[in-house]
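The values are calculated or read from the model by the stated rules, or taken from the named source; none is laboratory data. These numbers were taken from a predicted model, which means no experiment stands behind them. All Cβ positions, even for glycine, are placed from backbone atoms using ideal geometry, and neighbour counts span all protein chains on display.
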Amino acid sequence: MNSSNPEETVHLNVAGAIATITLARPHLRNALDRKTMKSLIQVALDVSDRDDVRAVVIAAEGADFSVGADLKEVQGMESDGSLLRARRDAELGRKLLNSIREIHQPTVCALQGIATGGGACIAAACDFRIAASGARIGLGEVKVGMNLMWNALPLFVELVGLSRAKQMIMSGTLYSVDRLETWGLIDEQCTQEDLFATAMAWAQRYADLPPVAVQMIKRSVNQYALALSESVMHMDHDQWILAARSEDFRESISAFIDKRPATLTGR
């Protein structure tokens, strides 16, 4: 069954043995609001449960893959609201990445334009990443007074190594595909015109292999590489709650939206 309702923010299409999950908020640069995140979680769970799907491509409409969390929605969160509610809301990103990482079938992410914050995290949760030349990828949370959460930090450490992960997470820099290919984050780059076809070719390569063996290997590799992730990273959303109650956080978000320099005090 294919889903392409224009009012939905996530579309699902299945052609043969390959499912394509598409972010569909191009007018907002595929910013990730709660509705989109919840839809993406549900679609990922549904696809993972399908026997007829042997590989999955995650893509996005428009010029950019995703600029990450919808900061206008983040700005609207009540900083003095219920801590219990805040913890529940903060767990949504972790659930999203887990749902993608735990898709049984091999996953290929097709990246174009900008992929930052949560958008880069979605890519990291996939098995393979294909990027259009000229795309830029980064983790800009630090620039708006946030820690990297969603249990994403171990993914980047495993993909690019300790020092390079620190560079990405602590600087907030958008890196070129050329550099990230040498770092190991990007598996292949191609022209924008060839992006979807290249991602589909990668997906088909794994769809053509014995599915039980492929899926067991994927699960074993992930379990080995990320064995300590859950136990070590269980408090990153609590760190976010602390950061979100700082003056610097509020000032950074406001300055970002207003397109002006932030005045930071460490408070």
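Across region 155-188, the qualifying residues are those that are of a type in the set (Gly, Ala, Ser) and within 29 Å of Asp238 (Cβ to Cβ), and the one among them that is surrounded by the most Cβ atoms within 10 Å (Cβ to Cβ) is Ala165.
Out of all the residues in region 149-168, which are part of a helix (DSSP H, G or I) and farther than 25 Å from Ala86 by Cα?
Initial filter on region 149-168 (part of a helix (DSSP H, G or I)): 153-160, 162-168.
Correct list: Phe156, Val157, Glu158, Leu159, Val160, Leu162, Ser163, Arg164, Ala165, Lys166, Gln167, Met168.
If the condition is being assigned to a loop (DSSP other than H, G, I, E, B) and either of a type in the set (D, E, K, R) or more than 20 Å from Ala201 (Cβ to Cβ) (or both), then region 96-133 contributes Glu102, His104, Gly113, Gly117, Asp127.
Against the numbered list (1) surrounded by 19 or more Cβ atoms within 10 Å (Cβ to Cβ); (2) in a loop (DSSP other than H, G, I, E, B), Leu209 comes up short only at (1).
Quick check on my filter: what residues within region 170-192 are of a type outside the set (Asp, Glu), in contact with an Asp or Glu (Cβ under 8 Å, 6 or more places away or on another chain) and at negative phi? Break it down into steps so the answer makes sense when it comes.
Residues of region 170-192 that are of a type outside the set (Asp, Glu), as a first pass: 170-177, 179-180, 182-186, 189-192.
Cutting the leftovers down to in contact with an Asp or Glu (Cβ under 8 Å, 6 or more places away or on another chain) gives us 172, 189.
If the condition is that a residue be of a type outside the set (Asp, Glu), in contact with an Asp or Glu (Cβ under 8 Å, 6 or more places away or on another chain) and at negative phi, then Gln189 is the only one that fits.
Is it true that some residue in region 167-188 is under 14 Å from the mean Cα position of the chain (by Cα) and closer than 17 Å to Ile241 by Cα? Within region 167-188, none of the residues are under 14 Å from the mean Cα position of the chain (by Cα) and closer than 17 Å to Ile241 by Cα.
Could you grab me the full set of residues in region 224-240 that are part of a helix (DSSP H, G or I) and not β-branched (Val, Ile, Thr)? Tyr224, Ala225, Ser229, Glu230, Ser231, Asp236, His237, Asp238, Gln239, Trp240, listed by residue number.
Scan Ala110, Ala124, Ala152 and give me the residue that is under 18 Å from His237 (Cβ atoms), small (Gly, Ala, Ser), crowded, with 20+ Cβ neighbours inside 10 Å and touching a Phe, Trp or Tyr at 6+ places or on another chain (Cβ under 9 Å).
Every option except Ala124 fails the conditions.
Considering only residues in region 127-149 that are of a type in the set (Lys, Arg) and surrounded by fewer than 24 Cβ atoms within 10 Å (Cβ to Cβ), the one that is farthest from Ile257 (Cα to Cα) turns out to be Arg136. When you look at Gly68, is it modelled with pLDDT of 75 or more and touching a Pro at 6+ places or on another chain (Cβ under 8 Å), yes or no? For Gly68, the condition - modelled with pLDDT of 75 or more and touching a Pro at 6+ places or on another chain (Cβ under 8 Å) - is not met.
Only a single item in (1) of a type outside the set (Ser, Thr, Tyr); (2) touching a helix residue (DSSP H, G or I) at 6+ places or on another chain (Cβ under 9 Å); (3) modelled with pLDDT under 95 is not met by Asn222, and it is number (3).
Name the residue that is farthest from Val221 (Cα to Cα), counting only residues in region 116-153 that are without any contact (Cβ under 8 Å) to a residue 40 or more places away in the chain and aliphatic (A, V, I, L, M). The selected residue is Val142. Which residues, taken from region 241-267, are closer than 23 Å to Leu84 by Cβ and either of a type in the set (A, V, I, L, M, F, W, C) or not in a helix (DSSP H, G or I) (or both)? Answer for region 241-267, where residues must be closer than 23 Å to Leu84 by Cβ and either of a type in the set (A, V, I, L, M, F, W, C) or not in a helix (DSSP H, G or I) (or both): Ile241, Leu242, Ala243, Ala244, Arg245, Ser246, Phe249, Ile253.
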